[in-house]
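Visitor: Let me give you the structure first, and then I'll get to my questions.
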Amino acid sequence: MTGRRTAVEALGLGIRHPRRANDPHLLADCSFRVPTGAVCGVVGPNGAGKSLLLSAAAGLVRPTEGRLTVLGQPSDSETMLADIAHVDQERSLYRQLKVAELLDSGRSLNARWDRARAQELLDLGRVPLTARAGTLSGGQRTLVRLALAHATTPRLLLLDEPLADLDPFVRRAVMGLLLADVADGDCTVLLSSHVLADLDEAADHLLLIDAGRVRLAGQTTELLAAHRYLGPADRMPDSAEPVELHGSASHGTALVRITDGPARPGDEYDHPTLEELVIAYVRSPRADSWLAPSMRPMPRTGLIAEPIA
Amino acid sequence: MEYRLRRGSSMPAYQQIVQQTEQALRLGLLRPGDKLPTARHVVAATAINPNTVLRAYQELQRAGLVESRQGLGTFVVRSLGRAETIAGSGLREELDAWVDRAAELGLDREDVLALAGAAVDARLPQQAEPELPR
């Protein structure tokens, strides 16, 4: 379903802190491409820049360097705003308004408003339409905000820790409803989480950000296939890039990246899980970052002639 | 047809869908002409990635079991096993009666499964199967 069409593309994207003079970069030299139809998990430690990246894609923060293209337009243009829904971590709602009034205002502001889509999500948390937003529980407020976003029938859904204050009973049902749109074709989802288990089986692409930089990006199957553990008895292939070494060189194991080998699912190698992979990269800040082919920016004529390797 | 996905299973999610579909075909719960649930439906119910569902359906299509019809959905074109033979044979009814008797004698679920498995193993020895990729 994902392919060569692009939903979000960053080329040398940088965002500086407006005042901090030493080490001003909140995001630095970020390049990646999220294809249309992807469900891309944005992961990384707290403070890595995940929320900032989503805010930039929503057009709320302007890039200070490089380029960020969203649905074919620069991220700070306004022409595609109606196609984007962004749910941030602020959890803010107009507290005095009733849920029904919030839905009415959503309808008046959005051309493709679909009330039934909002209702599906509200029902999961038994959110009463007559309640004022300020009286709802934290989880119910999150459901209202997700419902308002879902009802706009977005082409790009940006979700910042969407499941953080939902109870385990509704987490999967909420995720299911949000992802069902992707099955229909034209929707792309970027969702941040520091709980990798939430993304398990839901995301088909992964973008790891640490300290404002892209460390790893690609289709999850591609990332897993390209990494493997080598034991003390294994010879390190010439093409292997070490990511993390455990123990001494002669007696330890290593997690390495091998991108030219015949790696495929079902081979005999000892591949890491997604969680092990992410943790290894975060623990090894000096290991080279890697963009898998599926998430490399498109080659283009003019300024940039080659795909960024 | 509702799929039950076990997370953290060593079997990838797409293979679980393939296996559960084959099981349903074998038991006659799905028959030629039946429609598989839409990817949207499976995703909403299980919160797995839509591409995982499509991959499973492609696998079933490659095996000649289902066929995707543009704009209509994915349909079963071939049954597996002997669903028709089983239907008219009384085998299932005899087995139900046998299970009831085992239960009356105080056997629990594990006992019954072990006994049935042992009988199958004794009379229908397994053929060597090519090893499936993980």
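Derivation of every value follows stated rules applied to the coordinates shown; laboratory data play no part. What you are looking at is a predicted structure, and each value in this text was computed from that prediction instead of being measured. Backbone-built Cβ (ideal geometry, glycine too); neighbour counts: all protein chains shown.
Visitor: Taking chain B as the reference, fit the longest principal axis to its C-alpha atoms, fit the long axis of helix B:50-62 to the helix C-alpha atoms, and give the angle between the two in degrees, 0 to 90, nearest 10.
Guide: 70 degrees
Visitor: Now, a different point. Give me log10 I(q)/I(0) at q = 0.17, 0.18, 0.20 Å⁻¹ for region A:1-144, Debye formula, one equal scatterer per alpha-carbon, no solvent.
Guide: Cα-only, vacuum Debye calculation for region A:1-144: -1.07, -1.13, -1.21.
Visitor: If one takes the longest principal axis of the Cα atoms in chain B, at what angle in degrees, from 0 to 90 and to the nearest 10, does the Cα axis of helix B:109-123 lie?
Guide: Orientation of helix B:109-123: about 90 degrees from the principal axis.
Visitor: Peptide A:178-187: average number of partner chain Cβ atoms within 10 Å per residue?
Guide: Per residue, the average neighbour count from other chains is 5.
Visitor: Order the peptides B:5-13, A:269-277 from the highest to the lowest mean number of other Cβ atoms within 10 Å of their residues.
Guide: A:269-277, B:5-13
Visitor: May I ask what percent, to the nearest 5, of DSSP beta bridges between residues of chain A are antiparallel?
Guide: Here the antiparallel bridges make up roughly 60 percent for chain A.
Visitor: Still on this structure, I have one more. Which residue, A:Pro162, A:Ser192, A:Val8, has the largest displacement toward the positive end of the dipole of the protein assembly as shown when charges sit on each Cβ (Lys, Arg +1; Asp, Glu -1)?
Guide: A:Val8
Visitor: Right, here's the next one. Dipole of region A:6-218 (Lys/Arg Cβ +1, Asp/Glu Cβ -1, origin at the Cα centre): which of A:Leu53, A:Leu179, A:Val127 lies farthest to the positive side?
Guide: Value computed over the given set: A:Val127.
Visitor: For a distance above 25 Å, tell me the whole-number percent of Cα pairs in chain B that qualify.
Guide: 42 percent
Visitor: Additional query: Can you order the peptides B:23-33, B:93-103 by their average number of other Cβ atoms within 10 Å per residue, highest first?
Guide: Order by mean packing, descending: B:23-33, B:93-103.
Visitor: Next question, about the same structure. Could you put A:Phe32, A:Phe169, B:Phe75 in order, starting from the residue whose Cβ has the fewest other Cβ atoms within 10 Å?
Guide: With the fewest neighbours first, A:Phe32, A:Phe169, B:Phe75 line up as A:Phe169, B:Phe75, A:Phe32.
Visitor: Order of A:Lys98, A:Lys50 from fewest to most other C-beta atoms within 10 Å?
Guide: Sorted ascending by nearby Cβ count, the order is A:Lys98, A:Lys50.
Visitor: Rank these for me by crowding, B:Ser89, A:Ser192, A:Ser31, going from fewest to most other beta carbons within 10 Å.
Guide: Going from sparsest to densest Cβ surroundings: B:Ser89, A:Ser31, A:Ser192.
Visitor: Considering Cα pairs under 8 angstrom that are at least six residues apart, work out the relative contact order of region A:134-189 and quote it in whole percent.
Guide: 43 percent
Visitor: Using a 10 Å cut-off on Cβ to Cβ distances, tally the other chain neighbours for every residue of B:33-45 and report the average as a whole number.
Guide: 4
Visitor: Evaluate the charge dipole of region B:13-76 about its Cα centre and quote only its size in Debye, nearest 20, assuming +1 on the Cβ of each Lys and Arg and -1 on the Cβ of each Asp and Glu.
Guide: Here the size comes out at about 80 debye.
Visitor: Follow-up. State the dimensionless ratio Rg/Rh of region A:165-277 (Rg: radius of gyration of Cα atoms; Rh: Kirkwood radius).
Guide: Looking at region A:165-277, the ratio lands at 1.05.
Visitor: Rounded to the nearest 20 Debye, what is the dipole magnitude of the protein assembly as shown about its Cα centre when Lys and Arg each give +1 and Asp and Glu each give -1 at the C-beta?
Guide: The dipole magnitude comes to about 1380 debye.
Visitor: Once all Cα-Cα distances of chain A are split into 20 Å bins that start at 0, what whole-number percent is in each one?
Guide: 31, 54, 14, 1
Visitor: Which of the helices in chain A, when you take each full DSSP H run, stretch at least 20 Å along the axis at their Cα atoms and have an average Kyte-Doolittle score of -0.5 or higher?
Guide: For chain A, where a helix must reach 20 Å along its axis and average at least -0.5, the hits are A:168-183.
Visitor: Over the whole of A:193-205, what's the average partner chain Cβ count within 10 Å per residue? Rounded to a whole number, please.
Guide: Per-residue shielding by partner chains comes out at 3.
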